[in-house]
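Trainee: Sharing a structure with you now.
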Amino acid sequence: MRRLVASRAGFAAFTNLPGFREKLGLKVIKSFKFDDDGVSHAAVDLIATLMQPMHDNYNLRQEQLNKSSLLSTKAFLEKLVDLLKCHVMRGTGALVINALLDFFSYVLCVDTTA
């Protein structure tokens with residue numbers, strides 16, 4: 001899935017294809033319930049890919065749409081924070097923690113919403 005959303009078509013499909021965003025979000029949340037660091041890392045890496053285009057000559061407007069869509073659901077963001085808190089408290093999931101910190105750093109430090 002990460003490779004799909006890294007492509008120009010997949011990056012745009014996140015907000016342009018009806019139902020894609022919701023289904024992808026549900027799959028990401030469901031993946032956290034497996035309590036498997038590899039699966040959680042892959043899911044966080046997937047959503048991080050939607051925050052920043054991996055292809056050349058990207059559309060800034062599409063990046064803004066993806067970012068606002070990812071950040072629009074409070075419950076989704078709370079799940080990400082809960083995942084971070086859980087791994088920090090247990091002292092596990094270094095890759096998951098790193099991926100989440102990258103995701104949150106991009107949210108806080110790169111302003112594409114203006």
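The values are calculated or read from the model by the stated rules, or taken from the named source; none is laboratory data. These numbers come from a predicted model, not from an experiment. In this analysis, Cβ positions are derived from the backbone assuming ideal geometry, glycine residues included, and neighbour counts consider all displayed protein chains. These area figures cover heavy atoms from the full protein model, side chains too; ligands, DNA and RNA do not enter into them. Shrake-Rupley method; radii C 1.70, N 1.55, O 1.52, S 1.80 Å.
Trainee: I'm checking my understanding of the structure. Among residues of segment 99-114 that are among the hydroxyl-bearing types (S, T, Y) and outside any helix (DSSP H, G or I), which one is modelled with the lowest pLDDT?
Mentor: T113
Trainee: How many of the residues in segment 1-19 are under 14 Å from the mean Cα position of the chain (by Cα) and assigned to a helix (DSSP H, G or I)?
Mentor: 9
Trainee: For segment 42-91, what are the residues that are in contact (Cβ under 8 Å) with a residue 24 or more places away in the chain, within 23 Å of L26 (Cβ to Cβ) and hydroxyl-bearing (S, T, Y)?
Mentor: Across segment 42-91, the qualifying residues are T49, S68, S69, T73.
Trainee: I'm trying to understand the selection: among the residues of segment 1-32, which are open to solvent by 100 Å² or more (accessible area, probe 1.4 Å), in contact (Cβ under 8 Å) with a residue 12 or more places away in the chain and more than 18 Å from K67 (Cβ to Cβ)?
Mentor: Scanning segment 1-32 gives M1, K27.
Trainee: Being of a type in the set (D, E, K, R) and exposed (fewer than 15 other Cβ atoms within 10 Å of the Cβ) is the filter here; which residues of segment 90-105 pass it? Outline the logic, then answer.
Mentor: Filtering segment 90-105 down to residues of a type in the set (D, E, K, R) leaves 90, 102.
If the condition is that a residue be of a type in the set (D, E, K, R) and exposed (fewer than 15 other Cβ atoms within 10 Å of the Cβ), then R90 is the only one that fits.
Trainee: Go through segment 62-80 and give me each residue that's open to solvent by 40 Å² or more (accessible area, probe 1.4 Å), over 11 Å from the mean Cα position of the chain (by Cα) and closer than 15 Å to F14 by Cα.
Mentor: L65, S68, S72, T73
Trainee: Would you pick out the residues in segment 86-98 that are within 12 Å of F32 (Cβ to Cβ) and part of a helix (DSSP H, G or I)?
Mentor: Matches in segment 86-98: C86, H87, V96.
Trainee: State the number of residues belonging to segment 33-61 that are open to solvent by less than 60 Å² (accessible area, probe 1.4 Å) and either part of a helix (DSSP H, G or I) or at positive phi (or both). Before you say what the answer is, go through the steps one by one.
Mentor: Looking only at segment 33-61, we keep the residues that are open to solvent by less than 60 Å² (accessible area, probe 1.4 Å), and these are 38-51, 53, 55.
With either part of a helix (DSSP H, G or I) or at positive phi (or both) added as a condition, the list becomes 38-49.
Residues meeting the conditions: 12.
Trainee: Tell me yes or no: at least one residue of segment 67-76 is touching an Asp or Glu at 6+ places or on another chain (Cβ under 7 Å), charged (D, E, K, R) and either at pLDDT 90 or above or not in a loop (DSSP other than H, G, I, E, B) (or both).
Mentor: No: segment 67-76 contains no residue that is touching an Asp or Glu at 6+ places or on another chain (Cβ under 7 Å), charged (D, E, K, R) and either at pLDDT 90 or above or not in a loop (DSSP other than H, G, I, E, B) (or both).
Trainee: With respect to L83, determine if the residue is on the phi < 0 side of the Ramachandran plot, aliphatic (A, V, I, L, M) and open to solvent by less than 30 Å² (accessible area, probe 1.4 Å). Break it down into steps so the answer makes sense when it comes.
Mentor: Numbers: on the phi < 0 side of the Ramachandran plot: yes; aliphatic (A, V, I, L, M): yes; open to solvent by less than 30 Å² (accessible area, probe 1.4 Å): yes.
The answer is yes for L83.
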